[in-house]
Amino acid sequence: MNIAVGMMVAELHNELGASATEFLPTPVPTLLIVLGMFMAGYPQDAPDRTFWSNTMHSIMVPLTPKDADVRRYWDSLGASTVLVGIFFSKNARRILCSPLFNFLGRVSFPVYLMHNTLIKSVLTWLVYLPSALNPPHNEKGEQLDLQRGSTTHIFLAVAVFYYVLYRLALWWTIYIDPVCAKLVKSMTSWAYGDPPSQQSNEKPILMA
């Protein structure tokens, strides 16, 4: 679903260009964004506890395969609706084209690749650091499970974790992405049988 919607938006961009922001009445893109965020807010567990999520569950179950993960369908539909709303919204485009969001978008893929590993290593180490430096023991001298730090310590640990994560992601885009781009370009040129001189003179296809 997301791939199909992405292709549709790409085609609309080729056809409409910057004029897409004038294509729909002003409130419509905003309503699409809000609606998409609402749909993507379908709960992971126990949708029957509230009327709105139970209604969404009842709507989606007949439309999906038996025992399907309904949440994933609502997530995809919501994300696609948000994307369409942003495409037609002048204000949303202006915000998302700011330097901050450009940076976040540029490093989003390495963040996705590294965040889980860093959570299980760097963040875990930071959260349990005070207890690890002075492990607790019971009356028999046996070491107990490590304890998390104070609330203030947790906030500081999370701040340091995000700094490390996004710093590493930035370095990834600077040092690793260009190497991967050159490798992909070389493999593509080899597959198409381009002469070596052409391979060396052309810029990597993934370089910005």
Quiz item: Residues of the stretch 84-129 being outside any helix (DSSP H, G or I) and surrounded by 15 or more Cβ atoms within 10 Å (Cβ to Cβ), which ones?
Solution: SER89, VAL107, TYR128
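For (1) touching a Ser or Thr at 6+ places or on another chain (Cβ under 9 Å); (2) modelled with pLDDT of 80 or more, each residue gets a yes or a no:
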residue	(1), (2)
LEU156	no, yes
LEU168	no, yes
TRP171	no, yes
ASP194	yes, no
MET207	no, no
Exercise. Filter the stretch 44-77 down to the residues that are charged (D, E, K, R) and assigned to a loop (DSSP other than H, G, I, E, B), then identify the one that is surrounded by the fewest Cβ atoms within 10 Å (Cβ to Cβ).
Key: LYS66
Self-check item: Criterion violated by THR81 - all others in (1) more than 27 Å from LEU165 (Cβ to Cβ); (2) free of Cβ contacts under 8 Å to residues at least 40 places away in the same chain; (3) in a helix (DSSP H, G or I) satisfied
Solution: (2)
Quiz item: Is there a residue being among the small types (Gly, Ala, Ser) and within 22 Å of the chain's Cα centre (by Cα) anywhere in the stretch 126-136?
Solution: no
Practice problem: Evaluate the following for VAL160: is it under 19 Å from the mean Cα position of the chain (by Cα), in a helix (DSSP H, G or I) and closer than 17 Å to VAL122 by Cα? | Solution: no
Practice problem: Write out, first by first residue and then by second, each pair whose Cβ atoms fall under 8 Å of each other, whose residues are 6+ apart or on separate chains, and whose first residue, in the stretch 95-107, is farther than 21 Å from LEU165 by Cα while the second is part of a helix (DSSP H, G or I) and among the aromatic types (Phe, Trp, Tyr). | Solution: ILE95/PHE101
Practice problem: Could you check how many residues of the stretch 1-28 are assigned to a helix (DSSP H, G or I) and either β-branched (Val, Ile, Thr) or farther than 14 Å from SER80 by Cβ (or both)? | Solution: 16
Quiz item: Out of the stretch 102-130, which residues are touching a helix residue (DSSP H, G or I) at 6+ places or on another chain (Cβ under 7 Å) and either modelled with pLDDT of 90 or more or of a type in the set (Val, Ile, Thr) (or both)?
Solution: ARG106, VAL107, PRO110, VAL111, MET114, HIS115, LEU118, VAL122, LEU123, LEU126, VAL127
Quiz item: Among (1) surrounded by fewer than 12 Cβ atoms within 10 Å (Cβ to Cβ); (2) at pLDDT 90 or above; (3) not basic (Lys, Arg), which single condition is ASN14 missing?
Solution: (2)
Practice problem: Within the stretch 129-146, identify whether any single residue is closer than 30 Å to GLY36 by Cα and touching a residue at least 24 places away in the same chain (Cβ under 8 Å), and answer yes or no. | Solution: no
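The values are calculated or read from the model by the stated rules, or taken from the named source; none is laboratory data. Bear in mind that the values here come from a model prediction, so they are computed numbers and not experimental data. Here the Cβ is made from the backbone with ideal geometry for all residues, glycine too, and neighbour counts use every protein chain on show.
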